[in-house]
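Derivation of every value follows stated rules applied to the coordinates shown; laboratory data play no part. This structure is a prediction, so every number in the text was calculated from the model and none was measured. Positions of Cβ are backbone-derived with ideal geometry, glycine not excepted, and every protein chain shown enters the neighbour counts.
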């Protein structure tokens, strides 16, 4: 189960700053400047991280006047759930087969 979509998701999640941004956004929507403050990085750097998160459909942003507000996008997390579920089912099948083989002995 490989696709560019999953490659983008895992690349986005592979960075600790992006995971910190997602952690903050899990508490609710936030402005870019509010996201930047505790991370001790520039608003521009946060914007670059947000672009990666948006491309992977983990975050959505909207601009109202001069303020860009960010929020979690469920689409990316739904894709991750599908990936994890597929792998979980595959491993459960393999382990069930192994259990059957061991029970035969």
Ranked by how many other beta carbons lie within 10 Å on average, peptides 76-87, 44-55 from highest
44-55, 76-87
Would you mind computing Rg(Cα) / (2.2 N^0.38 Å) for the chain, counting N as its residues?
1.44
Helix 16-25: inclination vs the chain longest Cα principal axis, degrees, rounded to 10, gives 80 degrees
Sorted from fewest to most neighbouring beta carbons within 10 Å, what does the list 88, 8 look like?
88, 8
Per the helix-only calculation at 222 nm, which mean residue ellipticity applies to the chain, given -39500 (n - 2.57) for every DSSP H run of n ≥ 4 and division by its residues, nearest 500 deg cm²/dmol?
-22500 deg cm²/dmol
Any chance you could give the angle, 0 to 90 degrees and rounded to 10, that helix 74-104 forms with the longest Cα principal axis of the chain?
20 degrees
